[in-house]
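The values are calculated or read from the model by the stated rules, or taken from the named source; none is laboratory data. Since this is a predicted model, take the numbers as computed values, not measurements. Quick reminder, even Gly has a Cβ in these numbers, built from the backbone with ideal geometry, and neighbours come from all protein chains shown. These accessible areas exclude ligands, DNA and RNA; they are computed on the full protein's heavy atoms, side chains included. Shrake-Rupley method; radii C 1.70, N 1.55, O 1.52, S 1.80 Å.
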Amino acid sequence: MTQERPSSLHTMGQQHGRRSWAEPWKIKMVEPLKVTTREQRVTALEEAGYNTFLLRSDDVYIDLLTDSGTSAMSDRQWAGMMLGDEAYAGSRNFYHLDAAIKRFYGYAYMVPTHQGRGAEHLISQTLIKAGDHIGGNMYFTTTRLHQELAGATFHDVILDVAHDPQDLHPFKGNVDLAKVEALIERYGAAQIPYISLAATVNMAGGQPVSMANARELKALLDRHGIRLMLDATRLVENALFIQEREEGYADKSIAEICLEFCSLTDGAWMSAKKDNLVNIGGWLAVNDYSVFEELRNLVVVYEGLHTYGGLAGRDMEALAIGIEESMQDEHIRSRVGQVRYLGELLTEWDIPIVQPIGGHAIFLDARRFYPQLAQDLFPAQTLAAELYLDSGIRSMERGIASAGRNAETGDHNRPKLELTRLTIPRRVYTQAHMDVVAESVKACFDARDAARGLDMAYEPKYLRFFQARFTPR
Ligand code: P70
């Protein structure tokens, strides 16, 4: 990959050591946005039970619910869609995708899946048996649920500082090796099929894992015969932080860093809807042929034949091209540069956000926004509602509602982090949109004393945050 690193691939600002993170593309097609009145927003939010997941996107102005499947594809990806080989078996697009995953992530065998949780389901059912224990660098909602449904108990093994929104550790996503050792000591290696490593860590605020931490973790697990499985959903963003912050990586390309990181793991699942720049898709890749054989058996039960896994040929083609585009240094610098632009504006205005600024989103610290609200009054959900009412911006709760209930006691899980996520889609919004968002957050911050909180009026059994309904106090 070294040939892909001439300085001409850096943004103009970076070539000159200036601060610009300007996008390495221009806009060819636009989609109009709808502006609503406050009255319309009040009605829409009431109909949605104060849950931003239940809003119609037609009622949203700037949609920062998620960076998942919301990216803009390039002209090359759209051209690739026309080359879809919609054969039931052996589509040529599958082989293109397989080659892209081998080239950029380095794993030997892969199956496509319809999205990330399809892959999480397959890997959990394949490697976990009832009574097992999984350590992970902070939980992610769907990941943990699939591990639990397969019979495992999840244990958080991330550094303690990851739970502190103000701690400035450069690699807040790192695993605390002492916690892993304690887990092995307590349950024995035979009951720990793998450690689940996410890079970056979504729920911690998009925080990265260092190469050194992954390497030490791998060495520790190798001594005990435990696998290391990667959630590669935002690995490309993680690679930028390694390039910027970790000694010895400043002159390595993003592609080289990703490949090295993956080489420290035994396999990965992927929600391709994030880093990989497609609207739908996922994949699951491993190096061990016997694990692959089992995955290939299961994929035909739950997803589709092993050469399409729930995706159309055209989707696999767009994904193969998206993987290559996502690995370009200038792409990822501008993507994370835009997130930082928003974060730096909010920081200048003393608005409490998770620091350091992460890769895919700005996380507002709802605890410090609304110190008057007890966590059981859903401060982060309240803030998401207030932001929508102010300006039609849609954000996502990442606090007590997302954390669900303890399977044994039935009580709420009460995470230390009570956050409202402003998630930036890739290649979609402009710097002016970021200004609108910052001003709206500021308006909500200025009116923070008036917030009263919410009660949960309807609670679904699984992943409750998606469909729960709330009523204002
Ligand atoms: C988000 C999305 C998805 C995701 C992820 C990581 C680190 C796996 C997945 C699953 C969508 C989402 C999902 C659950 C709750 C809220 C939002 N994250 N690992 O917005 O992939 O969605 O393709 O099945 O971030 O953060 P998929």
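So how do 58-68, 242-252, 305-315 stack up, highest first, on mean other-Cβ count within 10 Å?
Numbers: 58-68: 19.5, 242-252: 15.2, 305-315: 22.2.
Per-residue mean Cβ counts within 10 Å order the peptides as 305-315, 58-68, 242-252.
Please compute the contact order of region 324-367 in relative form: average sequence separation of alpha-carbon pairs under 8 Å and at least six residues apart, divided by the residue count, as a percent. Don't jump to the answer; show the numbers that get you there.
Working: 31 pairs, mean separation 13.9, N = 44.
Relative contact order comes out at 32 percent.
Express the relative contact order of the chain as a whole percentage, based on alpha carbon pairs under 8 Å and six or more residues apart in sequence. Result for the chain is 23 percent.
Give, in whole angstrom and from largest to smallest, the semi-axes √(5λ) of the equivalent ellipsoid of the chain, with λ running over the eigenvalues of the Cα gyration tensor. Walk me through the numbers before you get to the answer.
Working: eigenvalues 207, 150, 106 Å².
The three semi-axes for the chain are 32, 27, 23 Å.
For region 61-112, carbon and sulfur atoms together expose 61% of the accessible surface, with a 1.4 angstrom probe and every protein chain in place.
Highest mean packing first, where packing is the average number of other Cβ atoms within 10 Å per residue, the peptides 96-106, 426-436 line up as 96-106, 426-436.
Rounded to the nearest Hz, the phi-derived 3J(HN,Hα) couplings of region 275-287 under the Karplus curve 6.51 cos²θ - 1.76 cosθ + 1.60 (θ = phi - 60°) are 2, 7, 6, 10, 7, 8, x, x, 7, 9, 9, 9, 9, where x marks glycine and proline.
Ellipticity at 222 nm from helices only: DSSP H runs of n ≥ 4 in the chain, each -39500 (n - 2.57), divided by the residue count, give -12000 deg cm²/dmol.
Once you have a ≥ b ≥ c as the square roots of the Cα gyration tensor eigenvalues for region 232-326, tell me rounded if a/c is under 1.5, and otherwise prolate or oblate according to whether a/b is larger than b/c. Please list the in-between numbers first.
Working: a/c = 3.11, a/b = 1.62, b/c = 1.92.
Cα axes put region 232-326 in the oblate bin.
Amide H contacts of Ile158: Met138, Asp176, each under 5 Å away and 5 or more positions distant or on a separate chain (H built 1.01 Å from N in the peptide plane; Pro and chain starts excluded).
Put Tyr370, Tyr88 in order of accessible area, highest first, and with a 1.4 Å probe you get Tyr88, Tyr370. Checking the Cα-Cα distances for Lys34/Lys442; Lys218/Lys461; Lys34/Lys252; Lys274/Lys416 against a 31 Å cut-off, the pairs over it are Lys218/Lys461; Lys34/Lys252. Decide, for region 264-319, between rounded, prolate and oblate: order the square roots of the alpha carbon gyration tensor eigenvalues as a ≥ b ≥ c, take rounded if a/c falls under 1.5, and otherwise choose prolate if a/b is larger than b/c, else oblate. Because a/c hits 1.5 or more and a/b fails to exceed b/c, region 264-319 counts as oblate. Specify whether the C-alpha gyration tensor of region 347-414 places it in the rounded, prolate or oblate class, a ≥ b ≥ c being the square roots of the eigenvalues: rounded for a/c under 1.5, otherwise prolate if a/b is larger than b/c and oblate if not. It is prolate, given that a/c is not under 1.5 and a/b is the larger ratio.
Calculated accessible area for region 1-147 comes out at 53 Å² per residue, all protein chains present (probe 1.4 Å; ligands, DNA, RNA ignored).
Based on the mean of other Cβ atoms within 10 Å per residue, sort peptides 459-465, 441-447, 211-217 so the most packed one is first. Intermediate results must be reported in sequence, preceding the final value.
On the way: 459-465: 14.0, 441-447: 17.7, 211-217: 19.6.
Highest-to-lowest ranking by the protection proxy: 211-217, 441-447, 459-465.
Quick one, could you list the DSSP H helices from the chain stretching 24 Å or more along their long axis (Cα atoms) with average Kyte-Doolittle hydropathy of -1.0 or above? Helices meeting the span and hydropathy rule in the chain are 329-348.
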